[in-house]
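Engineer: Structure provided below as structure tokens; questions to follow.
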Amino acid sequence: MLFMNRSFLTGILVILQALQSSVHGLAIQTRNETCKINLRPDIADITNTSYVNLVRSVQILSGRTYRYVFSPPFESEKPYLLFLHGFPESSYGWINQIEYFKRHGYGIIAPDMLGYGGTDNPTDLEAFKLKTIGSELTCSGSSAVSALQWYNPDRLLGLAFMSLGYFSPGLDLPLPAVEALNNQSEIFFGYPSLGYWIFHNTDEAVVAYDNHLDSVYTLWYTNNATYQQQYLAPYNALEAWLSEDRQAPYGGAYITEVTKAQWKSIVERQGGLSGGLNWYRANLQGVNSADAAALQSVSPIILKPTLIIVGSDDPVAQPSNGRLLYLTIYVIHKADYGTVPVPGEGGTLPIIDSRNFPVATTIAATVVTLEPKGLRELHWHPNAEEWLYFHTGTARATVFIGGANARTFNFNSGDTAVFPDNSGHYIENTSEAETLVWIEIYKSDRVADISLTQWLALTPPDIVANTLKKSRSVVGQLKKEKQLLIKGN
């Protein structure tokens, strides 16, 4: 299982399945010859921690070294748990979880992420690509949060995220996207929740952070959420806070003077917080954009147990009123569903539902274009009522709801309608020159319709002829294939 705290692109715990042999082998001997294990890494900054004897490091093919906590499961049926930290932490942030789950027989893997703790801290932002980090950390069985699911889903039994939700494949967070999120946050909450990201993208941030570690720690680990709302999230607030070397109230069962001193020891030993800030800068400067575009075709669905935990008073990852700023975003592009002409040759009717957009389990849609004087043949929908929005053009529709009950409506651009499920209806473009465009939405996982003409054509012709009082020759002209959008005369 994988957990994730609020810090950018971080996770807590992942249950790993494919690692049952490979990680254990990695701990005892180098089964992957590209990974060189060091059982005695530099631990000068963590000598006072309870897990220091579990720490080792691994040098991977690229030459980078990652330091991590490792302990095999004491009980054969227990999986490995992978803990991934975020800013401004290191694996030390999981000290209580490491002790607890190790005591209960689970296997533990808790790396210092790139740029943190005893792991290398490259200056090149390209090194902080999620795809690169994912491939590098395969040596020790870990990757960065959502990227682990994107690139190595077969290695996971389950995931959990704390405060931040799952980032679907293809989601990118360059500067314009973060600015858009800040605008959204200002509308919802009255302040930009990610205003501090803009400061993190500057060279001044590194100096300010490293020169004011006590100020950093007390604000990031404050026990009063109001301080983060006022002095962390808004634009320019964090910069002013650090420049004044201010202190926020902090303290509790797990945040003490001892934990602050240990945190400072690790940060100072690692050379400051430049590496942690590089995670933000890499995203803001578009380092992941090309890889994100390549992931557009990857299914966003997680087919394994997943848990999201949010803080009720978190001023950055806001859970209030059910509106999480970091709700997963799913996208389907026009190229994914196309505009192939449909039977009848009167226009286009692309369908977006669970068959080409798997996340759409309770909503389906079409975007219909109908040429002048064209007709959407008489049909009905057996699985859901149809909501319509007429975007451009003029239309006429007749709806039959059983017996002799029918209504005819005229529509213009901007009009909305709802047709009950199983009610027969047709729509015609009444314009001589303008294309009619409308959107259909269904509360269902798929778009489904039944064509009256096709239904009659597939019924024994004698029955149809006798019922409609028409000749066999007329009935024989009915097409057995749907004619969804009939070309105008």
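The values are calculated or read from the model by the stated rules, or taken from the named source; none is laboratory data. This is a predicted model, so every value here is computed, not measured. Backbone-built Cβ (ideal geometry, glycine too); neighbour counts: all protein chains shown. Heads up: the accessible areas ignore ligands, DNA and RNA and are worked out on the full protein's heavy atoms, side chains in. Shrake-Rupley method; radii C 1.70, N 1.55, O 1.52, S 1.80 Å.
Engineer: If you take the residues of the stretch 105-142 that are hydroxyl-bearing (S, T, Y) and over 21 Å from P174 (Cβ atoms), which of them is modelled with the lowest pLDDT?
Structural biologist: Among those that are hydroxyl-bearing (S, T, Y) and over 21 Å from P174 (Cβ atoms), it is S142.
Engineer: Quick one: would you say A248 is surrounded by 14 or more Cβ atoms within 10 Å (Cβ to Cβ), free of Cβ contacts under 8 Å to residues at least 40 places away in the same chain and in a loop (DSSP other than H, G, I, E, B)?
Structural biologist: For A248, the condition - surrounded by 14 or more Cβ atoms within 10 Å (Cβ to Cβ), free of Cβ contacts under 8 Å to residues at least 40 places away in the same chain and in a loop (DSSP other than H, G, I, E, B) - is met.
Engineer: Against the condition part of a loop (DSSP other than H, G, I, E, B) and either out of contact with any helix residue (DSSP H, G or I) (no Cβ under 6 Å at 6 or more places or on another chain) or crowded, with 19+ Cβ neighbours inside 10 Å (or both), how does A384 come out, does it pass?
Structural biologist: Yes, satisfied.
Engineer: Now for a different question. Identify all residues within the stretch 51-62 that are modelled with pLDDT of 95 or more and not in a strand (DSSP E or B); write none if there are none.
Structural biologist: Listed by number, the residues that qualify are Y51, V52, N53, L54.
Engineer: Considering only the stretch 446-481, how many residues are in contact with a Ser or Thr (Cβ under 8 Å, 6 or more places away or on another chain), in contact (Cβ under 8 Å) with a residue 24 or more places away in the chain and either buried (at least 18 other Cβ atoms within 10 Å of the Cβ) or among the aliphatic types (A, V, I, L, M) (or both)?
Structural biologist: Residues meeting the conditions: 2.
Engineer: Could you tell me whether D124 is open to solvent by 60 Å² or more (accessible area, probe 1.4 Å), closer than 27 Å to W279 by Cα and over 32 Å from the mean Cα position of the chain (by Cα)?
Structural biologist: No.
Engineer: Also: Restricting the stretch 52-92 to residues that are among the basic types (K, R) and touching a helix residue (DSSP H, G or I) at 6+ places or on another chain (Cβ under 8 Å), which is least open to solvent (accessible area, probe 1.4 Å)?
Structural biologist: Checking each candidate, the answer is R67.
One line per residue, one yes/no per condition, for (1) modelled with pLDDT under 95; (2) not aliphatic (A, V, I, L, M):
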position: H212; (1), (2): no, yes
position: Y231; (1), (2): no, yes
position: A240; (1), (2): no, no
position: Y254; (1), (2): yes, yes
position: Q262; (1), (2): no, yes
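Engineer: If we scan the stretch 392-413, do we find a residue that is touching a residue at least 40 places away in the same chain (Cβ under 8 Å), within 22 Å of V342 (Cβ to Cβ) and in contact with a Gly (Cβ under 7 Å, 6 or more places away or on another chain)?
Structural biologist: No, every residue in the stretch 392-413 fails to be touching a residue at least 40 places away in the same chain (Cβ under 8 Å), within 22 Å of V342 (Cβ to Cβ) and in contact with a Gly (Cβ under 7 Å, 6 or more places away or on another chain).
Engineer: Please verify whether the stretch 189-203 includes one or more residues that are of a type in the set (A, V, I, L, M), more than 26 Å from P176 (Cβ to Cβ) and out of contact with any Leu (no Cβ under 7 Å at 6 or more places or on another chain).
Structural biologist: Taking every residue of the stretch 189-203 in turn, none turns out to be of a type in the set (A, V, I, L, M), more than 26 Å from P176 (Cβ to Cβ) and out of contact with any Leu (no Cβ under 7 Å at 6 or more places or on another chain).
Engineer: While we're looking at this one, here's another question. When you go through (1) at negative phi; (2) touching a strand residue (DSSP E or B) at 6+ places or on another chain (Cβ under 8 Å); (3) surrounded by fewer than 20 Cβ atoms within 10 Å (Cβ to Cβ); (4) at pLDDT below 95 one by one for K334, which number turns out not to apply?
Structural biologist: (2)
Engineer: Out of all the residues in the stretch 418-445, which are closer than 28 Å to N356 by Cβ, open to solvent by less than 70 Å² (accessible area, probe 1.4 Å) and in a loop (DSSP other than H, G, I, E, B)?
Structural biologist: Matches in the stretch 418-445: P420, S423, T435, S444, D445.
Engineer: Taking S21 as meeting all but one of (1) modelled with pLDDT under 90; (2) buried (at least 21 other Cβ atoms within 10 Å of the Cβ); (3) in a helix (DSSP H, G or I), write down the number of the exception.
Structural biologist: For S21, the failing item is (2).
Engineer: A further question on this structure: Would you confirm whether or not the stretch 202-209 contains a residue that is among the β-branched types (V, I, T), surrounded by fewer than 21 Cβ atoms within 10 Å (Cβ to Cβ) and not in a helix (DSSP H, G or I)?
Structural biologist: Within the stretch 202-209 (the criterion being among the β-branched types (V, I, T), surrounded by fewer than 21 Cβ atoms within 10 Å (Cβ to Cβ) and not in a helix (DSSP H, G or I)), the answer is yes, since at least one residue qualifies.
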